[in-house]
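Asker: Structure in structure tokens, see below.
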Amino acid sequence: MGLASVVSTWAASSAATRSSAPVPVYAAPVQDLIDELGRLPGVGPKSAQRIAFHLLKLPTEDALRLARSIESAKARVSFCSRCFNVAEGPSGGHAVECEICLDSRRDPTIVCVVEEPRDVVAVEKTGEYRGRYHVLQGAINPLEGVGPEQLRVRELLARLSDEGITEVILCTNPNIEGDATAMYLAQLLKPLGRRVTRIASGLPVGGDLEYADELTLGRALEGRRDVDR
Ligand SMILES: [Zn+2]
């Protein structure tokens, strides 16, 4: 068979495939696994396939260890009822508080507002901060349909009056979403008569707090400035 006829045979068969209903590429359990992995943040279709086949290749015991760690984390970890950081305790049970909120040595009058629990870890690593936190669980992002209502903003406002908070440090990421969130919160909080500060620049612009080194983030916290508006 010459090249031309191979190409025309291939073209005909691929055209036939396109015109019929989509042919399932993988067995249903494999496709389910790929679909679930593809829902994880930052995992595109290609990565989802690669991870799925990696898991299938693993010895059963190794793959099940991952499944069990997910199960155990979901059963034993939930979110702090005060600050929405991760907290040990089953979800759906009675209200649990995180270690930081339970620590009486922390200054309850200062609250550092961050986007995610991983940012709490980043700020804690600096060793510069002795107040409490409030985790928004995201940042304002109109393109992804995330507005203030989807974040823990209402809970932050309730804490201001309930807990005698005098300073709010806006420690959202130095990128578009984080800055928009900080600006929104500053406008909301300033009229309430509390000191509102934003971490100083010097952090890599457009970056994530979690990737900033401890020294840089520590300095940014120390050099925080009052928000004028
Ligand atoms: Zn907490």
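The values are calculated or read from the model by the stated rules, or taken from the named source; none is laboratory data. None of these values were measured; they are calculated from a predicted model. We place every Cβ from the backbone using ideal geometry, glycine too, and count neighbours over all the protein chains shown. For the accessible areas, the whole protein counts, side chains as well, though only heavy atoms, and no ligand, DNA or RNA atoms are used. Shrake-Rupley method; radii C 1.70, N 1.55, O 1.52, S 1.80 Å.
Asker: What nm value, rounded to one decimal, do you get for the distance between A63 and S47 when each label is placed 7 Å out toward the C-beta?
Answerer: According to this spin-label approximation, the distance is 2.1 nm.
Asker: Determine, for each peptide in 184-196, 129-141, the mean count of other beta carbons within 10 angstrom over its residues, then list the peptides with the highest first. Could you put the intermediate results ahead of the total?
Answerer: Numbers: 184-196: 15.9, 129-141: 20.8.
For the peptides 184-196, 129-141, the packing ranking is 129-141, 184-196.
Asker: Right, something else. Mind listing the phi-derived Karplus ³J(HN,Hα) values for segment 163-172, rounded to whole Hz, using 6.51, -1.76 and 1.60 with θ = phi - 60°, and x for any glycine or proline?
Answerer: Couplings: 10, x, 6, 10, 9, 10, 9, 8, 10, 7 Hz.
Asker: Related question: Hey, what do the phi angles of segment 110-123 turn into as Karplus ³J(HN,Hα) couplings, whole Hz, using 6.51/-1.76/1.60 and θ = phi - 60°, x for Gly and Pro?
Answerer: Ordered by residue, 3J(HN,Hα) equals 10, 10, 9, 8, 10, 7, 9, x, 5, 6, 4, 4, 4, 5 Hz.
Asker: Show me, for segment 76-90, the HN-Hα J-couplings you get by feeding each phi into the Karplus relation (A = 6.51, B = -1.76, C = 1.60, θ = phi - 60°), rounded to Hz, glycine and proline as x.
Answerer: 10, 10, 9, 10, 4, 6, 9, 10, 6, 6, 5, 9, 7, x, x
Asker: Expressed as a whole number of Å, what is the distance separating the alpha-carbon centroids of segment 157-190 and segment 40-55?
Answerer: Each part's Cα centre sits 36 Å from the other's.
Asker: What spacing in nm lies between the two simple spin-label points modelled at L102 and D32, each 7 Å away from Cα in the Cβ direction?
Answerer: For L102 paired with D32, the spin-label model returns 3.7 nm.
Asker: By its C-alpha gyration tensor, with a ≥ b ≥ c as the square roots of the eigenvalues, how is segment 57-193 shaped: rounded for a/c under 1.5, else prolate for a/b larger than b/c, else oblate? Kindly include the intermediate steps, with their values, before the conclusion.
Answerer: Details: a/c = 2.06, a/b = 1.53, b/c = 1.35.
It comes out prolate by the Cα gyration axes.
Asker: Take the solvent-accessible surface of the protein heavy atoms, probe 1.4 Å, and return the percent of it on segment 83-229 that carbon and sulfur atoms account for. It would help to have the intermediate numbers written out before the result.
Answerer: On the way: 3870 of 7580 Å².
The nonpolar share, carbon plus sulfur, comes to 51 percent.
Asker: I've got another one for you. If you count, for each residue, the other Cβ atoms within 10 Å and average over each peptide, how do 64-73, 165-174, 96-105, 217-226 line up from highest to lowest? All intermediate terms of the calculation are to be shown ahead of the outcome.
Answerer: Details: 64-73: 10.5, 165-174: 22.3, 96-105: 14.0, 217-226: 16.2.
Highest mean packing first, the order is 165-174, 217-226, 96-105, 64-73.
Asker: Amide H of V96 versus every other amide H placed in the peptide plane: which residues, excluding those fewer than 5 positions away on the same chain, fall under 5 Å?
Answerer: S81
Asker: For the pair E210 and V25, what calculated FRET efficiency results from E = 1/(1 + (r/R0)^6), where r is the Cβ-Cβ distance and R0 = 35 Å, to the nearest 0.05? Mind dumping the intermediate values first?
Answerer: On the way: r = 36 Å, r/R0 = 1.02.
That pair, V25 with E210, gives E of 0.45.
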